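For reference, the structure discussed in these notes is given below.
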Amino acid sequence: MNWGRRTINKVVSRQKHDSLIAAGAGGRSSFSGQAATVFGSTGFVGHSLVNNLGRIGSSVVLPIRGSTERHQAQDLRIMGDLGALQFVQGFDMERWSDDQVFDVIRHSNVVYNVIGNFKSTNHWPREMTNVEWPERLAKLVAAKEDGTRLVHLVHLNCENEEAQKHSGILREQAEAIQRMRAAYPDTIIVKSAQAVGWKDKYTHWWATNGEYYQRSLSYIGAFPLMYGGGHNTFVGPIRKMDLARAMAVIGQHPDSDGHDFELYNDQTYNLAQLVEYMYDCKWSSMATNATPGFKVPGVYNKRDVDLDLFQWDVLGELGAEKEDLTMGQRIRRKILRLHLAKLNWPRFIIGQIRFLDYFKREQSMYFDWTNEDHFNLMNMSDKPSFEAPGFKELGVQPQCILPTVHESATGYYPGMVTNFKLFNEIDRPPKYEWDSSEVDGALQLAS
C-alpha cells in the first residue's frame, strides 16, 4: 500500500496547512493549527508535551500501551478541551503493522516521537526502541507526502564523537538520526540536556530513590560514585516544562523543517556541587536520619553534609587514557564494569520464585536502575555545538532548575518530610557560564 498517493489528480492534493488554520484567541478552547500525534505520551517528557499542546488548543492523537484506565493515561485526560485528545489503546511498536501505525498519523500535520530507553527489556530490545522504531516512523511520515513534520527527541551529546565512545545509547541515537534523515530529510531533531521535574530520571537517579543504589556502589570507594569525583563535569539541565514548551513551539514553527535544535540551560552547574545540593535538600527535610535504608552520614546528627568528604576521585576522568590512570583506578573501573554487568544477569538461585527471574529479570529493582552505557551518560559533561538554534531563537526562556530539584528532592517520599526546609533555607550551588569560543565546541566554563 502506498499511503502518500491519492486516487485523484495530485494537483489538488492538500498540503498540511491548507485546512488546519489556527483559530480562536488562544488557550485550550482554541485551535493552534497543530493536529499532532504523540508517541510516548505517558512518559516523563511526553506527559508535559501533551499538556503544552493542549494548553494552546491542539488536536492530539495519543497511542498508548495498554488501556486508557492506566493512571498515566488518566492524567492526560484533563490536559485538552473536550474532544481534543483522542486515545488509541494497545499500541505496540513491534507488533503493530505499518497500516495500523499509519492510521494514527494519517490526519496529523505534526508527529512527535519521545519514545526512548536506556536498557533492553524482554519486550523491546534497546536498539529497536532507539533506532529501528524512529527509522520506521520516518519512513511512514515520508510516505504521506504532505509535508507532515516529524519531531524526534535525543540527548544533547548524541552526535559528539568523543561522547559516543563512552555510551552505546548515544551511538544508537546518532544512528537513528542518520537513518531518519535518509528516509525523511525534513526530520526535526531536538537535542536536549537532561530534563528535571517531578519523578524525573535525573534527580531521582542521583539522590532520591537512587540513593539506595548509589550506596550499593560505595564499596568501590566513593559516594556517590562519579568519574573524576564529578569535579570536572559540567552540566546544563533544563526543566521538562521548558523542554515541552520548546517542542510545542518547534512543532508549529514555519521554518523548523529539517533543522536541529539544541536545548540546554544558560545556568550551568558542576555535577559534584549539583548532586551535593540534591542530597542537602533531601536529608535536611527528612524527619530522622536513622530511617532504615536512608541513613544520613554525618556526625552528631548533622544533616547538611559536605559531600566533598565522600566524592573522591577513585575512577579517574571518564575520557582518561589507560596510561593516565593509576593501578587502583584501573582495578576500580573493572569492579564497576563487573558490578553494572551483573545487574542484568539472571539470578540462578534454586527455587521457584527466583527461577522466574530468568524469564522476567527486567522487573528486578537493580535491572531498572542503570547499566554501563547509562552510568557513563549520567557522568558526562554536556557538549553543545553552539551552532544550532535553541531556546532563544524559539522565544522560550528556560527557568532555573534549582526550585524544581528542591521540590523533587524534598518531597519524593512525603511520609518522611516532616522537617521541610524551604528553598531559601538551603545553600545553593554556584552557577557557571558557557564559553563557546572553542572552534570544536568543547565545554569551557568560567565561574
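Taken together, the values in this text are just the output of simple stated rules run on the coordinates, not laboratory data. Since the structure is predicted, the reported quantities are computational estimates derived from the model, not experimental observations. Positions of Cβ are backbone-derived with ideal geometry, glycine not excepted, and every protein chain shown enters the neighbour counts.
A compact table of results
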quantity	calculated
Sequence of Leu274, Leu325, Leu340 once ranked by neighbouring C-beta atoms within 10 Å, starting from the fewest	Leu325, Leu340, Leu274
Under Karplus coefficients 6.51, -1.76 and 1.60, residue-wise ³J(HN,Hα) of the range 75-80 in Hz, glycine/proline x	4, 6, 4, 8, 7, x
Inter-centroid distance (Cα atoms) of the range 29-76 relative to the range 84-150, Å	14 Å
For Val196, residues with placed amide H under 5 Å, excluding near neighbours	Ile238, Arg239, Lys240
Pairwise FRET efficiency - Tyr219 versus Arg95, Cβ, R0 = 60 Å, nearest 0.05	0.90
Cβ-defined net charge surrounding Asp266, 15 Å radius [Lys, Arg +1; Asp, Glu -1]	-3
Under-5 Å amide H pairs with Leu263, H placed in peptide plane, nonlocal only	Lys191, Ser192, Ala193
Charge tally in the Cβ shell below 13 Å around Phe91, where Lys, Arg are +1 and Asp, Glu are -1, Phe91 excluded	0
3J(HN,Hα) from dihedral phi, the range 242-248, Karplus parametrisation 6.51/-1.76/1.60, rounded to Hz, x for glycine, proline	5, 4, 5, 5, 5, 5, 5
Modelled label reach - Lys431, point 7 Å along Cα→Cβ, the range 197-234 residues with backbone N closer than 19 Å	197, 234
Label-point separation in nm, Phe420 to Glu127, each point 7 Å along Cα→Cβ	4.9 nm
Mean separation of Cα contacts under 8 Å, 6 or more apart, over the residue count of the range 10-192: relative contact order %	19 percent
Order of Lys191, Lys119, Lys392 under a 10 Å beta carbon neighbour criterion, fewest first	Lys392, Lys119, Lys191
Taking His231, His47, His123 and counting other C-beta atoms within 10 Å, the order from fewest to most	His123, His231, His47
Whole-number percent relative contact order across the range 70-174, with pairs defined as alpha carbons under 8 Å at least 6 apart	23 percent
Listed pairs Lys144/Lys392; Lys201/Lys421; Lys240/Lys322 exceeding 28 Å between Cα atoms	Lys144/Lys392; Lys240/Lys322
³J(HN,Hα) computed for each position of the range 61-73 - Karplus, 6.51 cos²θ - 1.76 cosθ + 1.60, integer Hz, glycine/proline x	9, 10, x, 10, 6, x, 9, 6, 7, 4, 5, 5, 6
Under 5 Å, built H, 5+ apart or other chain: amide partners of Val61	Ala36, Thr37, Val38, Gln86
